[in-house]
Amino acid sequence: GTSDDRGVWLSLAQMYTRAHRWKEAEDALDKAEALTTKKEDRIYLLFLRGAWAERQKRFEPAEQCFRKALDIDPSNAMVLNYLGYMLADKGNKLPEALQMIRKAVELDPLNGAYLDALGWTYFKLGEYELAEESLRQAVARDQTDPTVHDHLGDLYEKTGRIRLAAAQWELSMAEFAKSAAEDVEPSEVAKVQKKLESARVKLAKQEVLAGQPKPE
């Protein structure tokens, strides 16, 4: 029953969001908002509301929350990266997304998630050399994130390196298998599995062709 309850409600909101218990998460965020008096504390609340909406694929309200947070603090790396990645992943406002994520990386250059977002945005823009540089750095920083391996696999496939792509997708599937169920979107796992199976078929065909005798 004190102002310290704000932190508890925020923690509960994150737990409920992770468990896809959307109504309980929203109620917890509302309770936390009633106890939020400082301007700087409102940034994190807006970030969590944005993440709550984005996890439900409600992208417009999510973007509104993130932009409100950036109105308060334009240099918040966490918000810049989340919004930038969300926009880039949908192929929307790519130049603005790139600007946001580059700023996030400048603020926290060793953050693997930010490097992944930067590489993925370059990939969406067709800047494959820059994409590979950032994605390889991201994998080096965060080898347990299945999404990072998936992105690097997509880059390798796009640039004609199917064997390297398959290896990254295998790593992605392995990391998905280690993840908690509430952290995994089945549709994302299915996408990676489909890409991996397709790559294996292509590699098998290449091996068959390579083993055929050349015509005299």
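Are any of the residues in the stretch 43-55 open to solvent by 70 Å² or more (accessible area, probe 1.4 Å) and not basic (K, R)?
yes
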* Checking S179 against (1) within 20 Å of T121 (Cα to Cα); (2) within 16 Å of the chain's Cα centre (by Cα); (3) among the small types (G, A, S); (4) surrounded by fewer than 16 Cβ atoms within 10 Å (Cβ to Cβ), which single condition isn't satisfied? -> (1)
* Which helices (runs of 4 or more DSSP H) does the stretch 68-138 wholly contain that include 2 or more residues that are touching a His at 6+ places or on another chain (Cβ under 8 Å) and crowded, with 19+ Cβ neighbours inside 10 Å? -> 112-124
* Structure fact -> Of the residues in the stretch 191-216, those that are open to solvent by 60 Å² or more (accessible area, probe 1.4 Å) and within 21 Å of P146 (Cβ to Cβ) number 4
* Among the candidates D150, D142, which residue alone is open to solvent by less than 30 Å² (accessible area, probe 1.4 Å), of a type in the set (D, E, K, R) and either within 30 Å of V79 (Cβ to Cβ) or without any contact (Cβ under 8 Å) to a residue 60 or more places away in the chain (or both)? -> D150
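Scan the stretch 181-190 and give yes if some residue there is among the acidic types (D, E) and modelled with pLDDT of 95 or more, otherwise no.
First pass over the stretch 181-190, keeping only residues among the acidic types (D, E): 182-183, 185, 188.
With the extra rule that they be modelled with pLDDT of 95 or more, the set shrinks to none.
No, the stretch 181-190 contains no residue that is among the acidic types (D, E) and modelled with pLDDT of 95 or more.
The values are calculated or read from the model by the stated rules, or taken from the named source; none is laboratory data. If you're wondering where the values come from, they're calculated on a predicted model, not measured in any experiment. In this analysis, Cβ positions are derived from the backbone assuming ideal geometry, glycine residues included, and neighbour counts consider all displayed protein chains. Ligands, DNA and RNA are stripped out before the accessible areas are found, and what is left, the full protein with its side chains, is counted by its heavy atoms. Shrake-Rupley method; radii C 1.70, N 1.55, O 1.52, S 1.80 Å.
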